[in-house]
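A short worksheet on the structure shown next.
The values are calculated or read from the model by the stated rules, or taken from the named source; none is laboratory data. Please read all numbers here as calculations on a predicted model, not as lab measurements. When we count neighbours, we look across all protein chains shown, and the Cβ atoms used for this are built from the backbone with ideal geometry, even at glycine. The protein model used for the area step is the full one, side chains on, heavy atoms only, and it has no ligands, DNA or RNA in it. Shrake-Rupley method; radii C 1.70, N 1.55, O 1.52, S 1.80 Å.
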Amino acid sequence: MTESLSTNGAAPVKTGSRVRMSAAQRREQLIAIGRQLFAERGFDATSIEEVASRAKVSKPVVYEHFGGKEGLYAVVVDREVRALLDRITNALTAGHPRELLEQAALALLDYIESETDGFRVLVRESPLMSATGNFSSVLNDVAHQVEHILGAEFKTRGYDPKLAELYSQALVGMVALTGRWWLEVRKPRKDTVATHLVNLAWNGLSHLEAKPALLTRQTK
(Lines give C-alpha, C1' and ligand atoms only; values in the text may rest on other atoms or scores of the structure.)
Protein backbone atom coordinates (compact mmCIF):
# COMPACT_ATOMS: atom_id res chain seq x y z
CA MET A 1 0.00 0.00 0.00
CA THR A 2 1.41 3.40 -0.97
CA GLU A 3 0.13 6.65 0.56
CA SER A 4 1.33 10.10 -0.50
CA LEU A 5 -1.19 12.27 1.37
CA SER A 6 0.31 14.04 4.34
CA THR A 7 -0.11 17.32 6.14
CA ASN A 8 3.18 17.31 8.01
CA GLY A 9 5.55 15.83 5.46
CA ALA A 10 6.22 12.75 7.60
CA ALA A 11 6.29 9.46 5.71
CA PRO A 12 3.84 6.73 6.77
CA VAL A 13 5.43 4.05 8.94
CA LYS A 14 5.53 0.59 7.40
CA THR A 15 4.68 -2.36 9.64
CA GLY A 16 5.27 -5.55 7.70
CA SER A 17 3.17 -5.29 4.56
CA ARG A 18 0.90 -2.57 6.00
CA VAL A 19 1.39 1.16 6.38
CA ARG A 20 0.61 2.91 9.64
CA MET A 21 -0.43 6.53 9.11
CA SER A 22 -0.45 9.34 11.59
CA ALA A 23 -3.86 10.72 12.54
CA ALA A 24 -3.26 13.75 10.33
CA GLN A 25 -2.26 11.61 7.37
CA ARG A 26 -5.27 9.36 7.78
CA ARG A 27 -7.59 12.35 7.96
CA GLU A 28 -6.17 13.77 4.73
CA GLN A 29 -6.54 10.39 3.05
CA LEU A 30 -10.18 10.13 4.07
CA ILE A 31 -10.91 13.68 2.90
CA ALA A 32 -9.36 12.94 -0.51
CA ILE A 33 -11.36 9.73 -0.86
CA GLY A 34 -14.56 11.43 0.26
CA ARG A 35 -13.98 14.26 -2.21
CA GLN A 36 -13.64 11.78 -5.06
CA LEU A 37 -16.72 9.79 -4.08
CA PHE A 38 -18.91 12.85 -3.51
CA ALA A 39 -17.83 14.15 -6.91
CA GLU A 40 -18.61 10.83 -8.61
CA ARG A 41 -21.89 9.99 -6.88
CA GLY A 42 -23.12 12.91 -4.82
CA PHE A 43 -23.87 12.94 -1.11
CA ASP A 44 -26.82 10.54 -1.01
CA ALA A 45 -25.20 7.77 -3.05
CA THR A 46 -21.94 7.85 -1.09
CA SER A 47 -21.64 5.61 1.96
CA ILE A 48 -19.26 5.47 4.90
CA GLU A 49 -18.74 1.81 4.04
CA GLU A 50 -17.26 2.71 0.65
CA VAL A 51 -15.10 5.48 2.09
CA ALA A 52 -13.71 3.02 4.63
CA SER A 53 -13.26 0.33 2.00
CA ARG A 54 -11.25 2.56 -0.33
CA ALA A 55 -9.11 3.72 2.58
CA LYS A 56 -8.68 0.10 3.74
CA VAL A 57 -9.82 0.96 7.25
CA SER A 58 -12.82 0.04 9.38
CA LYS A 59 -15.93 2.26 9.53
CA PRO A 60 -15.21 3.33 13.13
CA VAL A 61 -12.01 5.02 11.91
CA VAL A 62 -14.04 7.28 9.63
CA TYR A 63 -16.53 8.01 12.41
CA GLU A 64 -13.67 8.83 14.77
CA HIS A 65 -12.35 11.52 12.43
CA PHE A 66 -15.59 13.06 11.16
CA GLY A 67 -18.50 11.75 13.23
CA GLY A 68 -20.22 10.45 10.09
CA LYS A 69 -20.83 11.09 6.43
CA GLU A 70 -22.26 14.53 7.12
CA GLY A 71 -19.11 15.64 8.90
CA LEU A 72 -16.84 14.40 6.13
CA TYR A 73 -18.98 16.10 3.50
CA ALA A 74 -18.95 19.39 5.40
CA VAL A 75 -15.15 19.37 5.57
CA VAL A 76 -14.83 18.60 1.85
CA VAL A 77 -17.26 21.35 0.85
CA ASP A 78 -15.71 23.92 3.19
CA ARG A 79 -12.28 23.29 1.69
CA GLU A 80 -13.55 23.64 -1.86
CA VAL A 81 -15.49 26.81 -1.10
CA ARG A 82 -12.39 28.44 0.38
CA ALA A 83 -10.14 27.18 -2.41
CA LEU A 84 -12.35 28.52 -5.19
CA LEU A 85 -13.02 31.84 -3.49
CA ASP A 86 -9.29 32.32 -2.79
CA ARG A 87 -8.45 31.51 -6.40
CA ILE A 88 -10.91 34.05 -7.78
CA THR A 89 -10.11 36.73 -5.19
CA ASN A 90 -6.37 36.42 -5.82
CA ALA A 91 -6.93 36.65 -9.57
CA LEU A 92 -8.61 40.05 -9.37
CA THR A 93 -5.55 42.27 -9.65
CA ALA A 94 -6.26 44.48 -12.66
CA GLY A 95 -7.54 48.02 -12.46
CA HIS A 96 -9.74 48.07 -15.55
CA PRO A 97 -13.21 46.49 -15.18
CA ARG A 98 -12.90 44.52 -18.42
CA GLU A 99 -9.60 42.99 -17.30
CA LEU A 100 -11.14 42.14 -13.93
CA LEU A 101 -13.97 40.36 -15.72
CA GLU A 102 -11.43 38.40 -17.79
CA GLN A 103 -9.50 37.44 -14.67
CA ALA A 104 -12.61 36.25 -12.85
CA ALA A 105 -13.80 34.17 -15.81
CA LEU A 106 -10.39 32.57 -16.31
CA ALA A 107 -9.99 31.88 -12.59
CA LEU A 108 -13.25 29.94 -12.51
CA LEU A 109 -12.43 28.02 -15.67
CA ASP A 110 -8.92 27.28 -14.34
CA TYR A 111 -10.47 25.85 -11.19
CA ILE A 112 -12.89 23.69 -13.18
CA GLU A 113 -10.02 22.40 -15.31
CA SER A 114 -7.56 21.65 -12.50
CA GLU A 115 -9.95 20.76 -9.66
CA THR A 116 -12.73 18.97 -11.52
CA ASP A 117 -13.72 16.75 -8.58
CA GLY A 118 -13.90 19.74 -6.27
CA PHE A 119 -16.12 21.67 -8.66
CA ARG A 120 -18.41 18.67 -9.10
CA VAL A 121 -18.81 18.45 -5.34
CA LEU A 122 -19.72 22.13 -5.14
CA VAL A 123 -22.30 22.16 -7.91
CA ARG A 124 -24.07 19.01 -6.76
CA GLU A 125 -27.11 19.75 -4.64
CA SER A 126 -27.23 18.36 -1.12
CA PRO A 127 -30.09 18.71 1.37
CA LEU A 128 -27.50 19.23 4.10
CA MET A 129 -25.95 22.38 2.71
CA SER A 130 -27.65 25.75 2.94
CA ALA A 131 -27.03 28.73 0.68
CA THR A 132 -24.18 29.71 3.00
CA GLY A 133 -22.20 26.52 2.58
CA ASN A 134 -21.96 25.58 -1.07
CA PHE A 135 -21.33 26.90 -4.56
CA SER A 136 -23.99 29.56 -4.04
CA SER A 137 -21.98 31.07 -1.21
CA VAL A 138 -18.92 31.34 -3.45
CA LEU A 139 -20.91 33.03 -6.20
CA ASN A 140 -22.46 35.46 -3.73
CA ASP A 141 -19.04 36.40 -2.35
CA VAL A 142 -17.68 36.97 -5.84
CA ALA A 143 -20.79 38.90 -6.84
CA HIS A 144 -20.33 41.24 -3.88
CA GLN A 145 -16.81 42.04 -5.07
CA VAL A 146 -18.08 42.64 -8.60
CA GLU A 147 -20.85 44.81 -7.16
CA HIS A 148 -18.33 47.30 -5.77
CA ILE A 149 -16.60 47.50 -9.14
CA LEU A 150 -19.85 47.98 -11.03
CA GLY A 151 -21.12 50.51 -8.51
CA ALA A 152 -18.19 52.78 -9.25
CA GLU A 153 -18.64 52.32 -13.00
CA PHE A 154 -22.36 53.05 -12.79
CA LYS A 155 -21.73 56.32 -10.95
CA THR A 156 -19.19 57.35 -13.58
CA ARG A 157 -21.62 56.59 -16.41
CA GLY A 158 -24.64 58.16 -14.75
CA TYR A 159 -26.53 54.91 -14.05
CA ASP A 160 -28.31 54.08 -10.82
CA PRO A 161 -25.63 52.53 -8.53
CA LYS A 162 -28.35 50.70 -6.60
CA LEU A 163 -28.68 48.37 -9.60
CA ALA A 164 -25.03 47.26 -9.34
CA GLU A 165 -26.02 44.31 -7.15
CA LEU A 166 -28.52 43.05 -9.74
CA TYR A 167 -25.98 43.31 -12.56
CA SER A 168 -23.23 41.68 -10.52
CA GLN A 169 -25.45 38.67 -9.79
CA ALA A 170 -26.35 38.44 -13.48
CA LEU A 171 -22.73 38.58 -14.61
CA VAL A 172 -21.41 36.08 -12.09
CA GLY A 173 -24.34 33.77 -12.73
CA MET A 174 -23.67 33.85 -16.48
CA VAL A 175 -20.04 32.90 -16.00
CA ALA A 176 -20.87 30.19 -13.46
CA LEU A 177 -23.59 28.60 -15.57
CA THR A 178 -21.31 28.57 -18.59
CA GLY A 179 -18.64 26.98 -16.42
CA ARG A 180 -20.99 24.16 -15.43
CA TRP A 181 -21.72 23.54 -19.11
CA TRP A 182 -18.02 23.62 -20.04
CA LEU A 183 -17.30 21.16 -17.22
CA GLU A 184 -19.00 18.47 -19.28
CA VAL A 185 -18.15 19.40 -22.88
CA ARG A 186 -14.63 20.85 -22.47
CA LYS A 187 -14.77 22.62 -25.81
CA PRO A 188 -14.04 25.10 -27.18
CA ARG A 189 -10.75 25.83 -25.41
CA LYS A 190 -10.79 27.53 -22.03
CA ASP A 191 -9.36 30.81 -23.32
CA THR A 192 -11.94 30.86 -26.11
CA VAL A 193 -14.79 30.37 -23.64
CA ALA A 194 -13.47 33.18 -21.44
CA THR A 195 -13.03 35.45 -24.46
CA HIS A 196 -16.62 35.05 -25.59
CA LEU A 197 -18.01 35.41 -22.08
CA VAL A 198 -16.19 38.69 -21.67
CA ASN A 199 -17.22 39.79 -25.17
CA LEU A 200 -20.89 39.28 -24.35
CA ALA A 201 -20.70 40.79 -20.89
CA TRP A 202 -18.46 43.76 -21.65
CA ASN A 203 -19.94 44.84 -24.95
CA GLY A 204 -23.36 44.52 -23.42
CA LEU A 205 -22.34 46.62 -20.42
CA SER A 206 -20.63 49.23 -22.57
CA HIS A 207 -23.89 49.92 -24.41
CA LEU A 208 -26.32 49.87 -21.51
CA GLU A 209 -29.42 51.99 -21.83
CA ALA A 210 -29.81 54.38 -18.93
CA LYS A 211 -33.52 53.57 -18.63
CA PRO A 212 -34.22 50.22 -20.32
CA ALA A 213 -37.78 49.06 -20.94
CA LEU A 214 -39.38 45.83 -22.02
CA LEU A 215 -40.80 46.25 -25.50
CA THR A 216 -43.51 43.68 -24.82
CA ARG A 217 -44.69 45.65 -21.76
CA GLN A 218 -44.85 49.09 -23.34
CA THR A 219 -48.26 50.76 -23.47
CA LYS A 220 -49.56 50.98 -26.99
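Considering the chain as a Gaussian network with a 10 Å cut-off on Cα pairs, which listed residue, 27, 120, 157, attains the greatest mean-square fluctuation?
157
If each DSSP helix of 4+ residues adds -39,500 (n - 2.57) and the sum is divided by the residues in the chain, what number results at 222 nm, nearest 500 deg cm²/dmol?
My calculation for the chain gives -22500 deg cm²/dmol from helical runs alone.
Which whole DSSP H helices in the chain pass both tests: a Cα extent of 15 Å or more along the axis and a mean Kyte-Doolittle value no lower than 0.5?
In the chain, the long hydrophobic H runs are 164-185.
Please compute the length gained on full extension between residue 214 and residue 195, using 0.36 nm multiplied by the number of residues separating them and subtracting their Cα-Cα distance.
4.0 nm
Using a 1.4 Å probe on the protein chains only, how many percent of the accessible area of the chain belongs to carbon and sulfur?
52 percent
I'd like to check one number: the per residue accessible area of the chain, probe 1.4 Å, reported in Å² as a whole number.
I get 57 Å² per residue for the chain.
Using the alpha-carbon centroid of each, what span in Å lies between region 188-220 and region 78-102?
22 Å
If you add up the charges near residue 166, with Lys and Arg at +1 and Asp and Glu at -1, over every other residue whose beta carbon is less than 15 angstrom from its beta carbon, what do you get?
Its environment carries a net charge of -3.
Under a point spin-label approximation (7 Å from Cα along Cα-to-Cβ), what is the residue 152-residue 64 distance to one decimal in nm?
Output for this residue pair reads 5.3 nm.
Please check: in the Gaussian network model of the chain (C-alpha springs, under 10 Å), which one of 116, 46, 93 has the largest mean-square fluctuation.
93
On a full-extension model of 0.36 nm per residue, what is the gain between residue 141 and residue 53, subtracting their alpha-carbon distance, rounded to one decimal in nm?
28.0 nm
With springs connecting C-alpha atoms under 10 Å apart, model the chain as a Gaussian network and identify which of 147, 209, 50 has the largest mean-square fluctuation.
Sorting by GNM fluctuation, first place goes to 209.
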